[in-house]
Amino acid sequence: MHKIRRLVSLSETLEITRRIRELEGEGVKVFNLSVGEPDFPTPEPIREAGIQAIREGFTRYTAAGGIPELRKALAEVITRKTGMPYQPSEVMVTLGGKFAIAASILALIKAGDEVIIPTPCWLSYPAMVTLAGGKGVWLPTKEEEGFFPTPESLKEKLTPKTRLILLNSPQNPTGQVLSKERWDQLWAVLKDHPTYILSDEVYDTLTYDGMSHLSLGQYPALRNRLLLVNSFSKAYCMTGWRIGYLAAPAKILRAVEAIQSQMTSSPCSISQKAALAALSLGEQWTEPMRALYQKRKDLMGDLLRKIPRVSFLEPKGAFYFFIKVEAYLRGQYTTSQALSQVLLEEYHVATVPGSCFGQEGYLRLSFATSEEDIREGVAHLSQGLQALG
Ligand code: PLP
């Protein structure tokens with residue numbers, strides 16, 4: 001028998017979801033603060049556009065990089081968001097933001113190339129680098145530094161083999177947002193190093209307390225080395241439709257398009273029509289959802305502040321709190337994974353351990369859930385932590 005090559009494993013968050021379903025099947029009410037997707041339905045006009053596409057028989061392969069009208073609309077969106085002119089030829093449609101990132105890494109990285117990954121991070125990044133044969137170089141960030149690299153820490157990790165750096169803002173799992181000041185400091189380090197920069201901006205429409213998102217697409221000096229990734233998943237509650245997009249220099253885009261064509265043929269035709277409808281919706285559909293997240297964030301923050309020996313940075317974007325629970329890691333439960341597990345099994349509140357993001361001592365809590373689940377979930381969390389600690 002041939003040995004199966006197992007370079008990466010299934011995401012740990014999927015295992016948490018599986019266990020939640022199992023408990024629910026046994027009749028247990030679980031307060032789920034582990035979710036990584038909006039809990040709102042996809043807006044009606046988007047769903048209707050999908051149905052219409054099916055009725056009209058728009059159900060075949062499309063061009064590998066997406067239908068021209070969607071590429072054109074996306075180029076306009078990016079131009080508006082960044083204030084920089086983007087052409088349809090510089091933008092392609094991908095199978096979710098995830099495949100935009102995976103295919104970009106495959107296109108850029110050859111065996112032995114180094115990819116700098118600031119941590120805590122979304123754990124698909126290291127898996128993608130591994131699959132491409134690259135070497136993931138972890139760049140640990142600190143809560144005191146807002147969970148973004150400092151110029152000094154970045155400089156330390158840059159080597160002649162560094163081919164790519166992955167940046168994510170608003171950030172999963174910390175909810176932090178890259179400031180202009182910090183970016184200017186990082187750019188001062190990066191500008192003389194010929195590395196590519198991939199900016200994962202899939203949460204860009206979700207910022208709070210008047211904070212605005214800084215898109216790296218706005219910097220002309222970066223243009224020939226920037227890969228800008230975005231998605232319909234979080235902004236339009238379209239996680240299951242699998243539509244994202246990538247803006248990149250033409251040469252890279254052509255390579256990514258070739259990879260997408262060989263691996264997937266094309267993004268789903270129906271979803272592309274739905275995405276086109278999403279772009280025409282305007283803020284009256286998306287702003288109320290953002291405003292509701294803001295309310296939920298405030299509520300969750302108020303409740304969490306009442307738990308002794310738990311601390312956190314106020315999230316400025318995405319829909320996560322990343323709370324420090326180091327004080328509770330003792331006795332039988334010395335890891336965030338053990339703590340998260342006992343909280344689920346005995347207190348019926350689902351969280352994601354910090355170790356899933358490469359950062360011990362923390363739990364990620366999502367506020368993409370109902371106010372009731374937030375209230376009850378945090379109450380159960382508080383009860384559990386205090387009983388254990
Ligand atoms: N980037 C980050 C940081 C994410 O958290 C996610 C999804 O959870 C994605 C990218 C990809 O999302 P999608 O493939 O649904 O567009």
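The values are calculated or read from the model by the stated rules, or taken from the named source; none is laboratory data. Here the structure is a predicted model, which means the values were calculated and not measured. Counting neighbours? That spans all protein chains shown, and the Cβs are built from the backbone with ideal geometry, glycine included.
Observations on the model:
- Of the numbered criteria (1) touching a residue at least 60 places away in the same chain (Cβ under 8 Å); (2) more than 16 Å from the ligand (Cβ to nearest atom), the one THR159 fails is (1).
- Single residue of region 115-127 satisfying the filter (of a type in the set (A, V, I, L, M) and modelled with pLDDT under 95) that is surrounded by the most Cβ atoms within 10 Å (Cβ to Cβ): LEU123
- Of all the criteria given as (1) modelled with pLDDT of 95 or more; (2) away from the ligand (no atom under 12 Å from the Cβ), the one not satisfied by GLY112 is (1).
- Among the residues listed as SER266, SER280, SER311, SER271, the single one being crowded, with 21+ Cβ neighbours inside 10 Å and not aromatic (Phe, Trp, Tyr): SER271
- Some residue of region 149-156 being touching a strand residue (DSSP E or B) at 6+ places or on another chain (Cβ under 9 Å) and loosely packed, with under 15 Cβ neighbours inside 10 Å: yes
- Listing of strands (runs of 3 or more DSSP E) fully contained in region 186-269 that carry 3 or more residues being under 24 Å from LYS157 (Cα atoms): 196-200, 226-231
- Region 162-193 - residue that is in contact (Cβ under 8 Å) with a residue 60 or more places away in the chain and not hydrophobic (A, V, I, L, M, F, W, C) and, of those, nearest to the ligand (Cβ to nearest atom): ASN172
- A count restricted to region 249-265 and to residues that are more than 16 Å from the ligand (Cβ to nearest atom) and in contact (Cβ under 8 Å) with a residue 24 or more places away in the chain stands at 9.
- Checking each residue in region 63-109 for being of a type in the set (Ser, Thr, Tyr) and within 16 Å of the ligand (Cβ to nearest atom) picks out THR94, SER104.
- For THR141: the one exception among (1) crowded, with 23+ Cβ neighbours inside 10 Å; (2) more than 27 Å from LYS251 (Cβ to Cβ): (1)
- Yes/no for LYS273 being closer than 24 Å to ASN32 by Cβ, part of a helix (DSSP H, G or I) and in contact (Cβ under 8 Å) with a residue 24 or more places away in the chain: no
- Near pairs, Cβ below 9 angstrom, 6+ apart or cross-chain, from region 363-376 (without any contact (Cβ under 8 Å) to a residue 60 or more places away in the chain and surrounded by 14 or more Cβ atoms within 10 Å (Cβ to Cβ)) to any residue that is aromatic (Phe, Trp, Tyr) and in a strand (DSSP E or B): LEU363/PHE321; LEU363/PHE322
- Residue check, TYR125 away from the ligand (no atom under 16 Å from the Cβ), touching a Gly at 6+ places or on another chain (Cβ under 9 Å) and aromatic (Phe, Trp, Tyr): no
- Comparison of VAL349, VAL342 shows that the only residue that is among the β-branched types (Val, Ile, Thr) and either within 26 Å of LYS295 (Cα to Cα) or touching an Asp or Glu at 6+ places or on another chain (Cβ under 8 Å) (or both) is VAL349.
- Against the numbered list (1) closer than 25 Å to LEU178 by Cα; (2) at pLDDT 95 or above, GLU287 comes up short only at (2).
- If the condition is being modelled with pLDDT of 90 or more and polar (S, T, N, Q), then region 1-40 contributes THR17, ASN32, SER34.
- Note on region 87-135: residues that are under 15 Å from the mean Cα position of the chain (by Cα), closer than 14 Å to LEU166 by Cβ and not in a strand (DSSP E or B) total 14.
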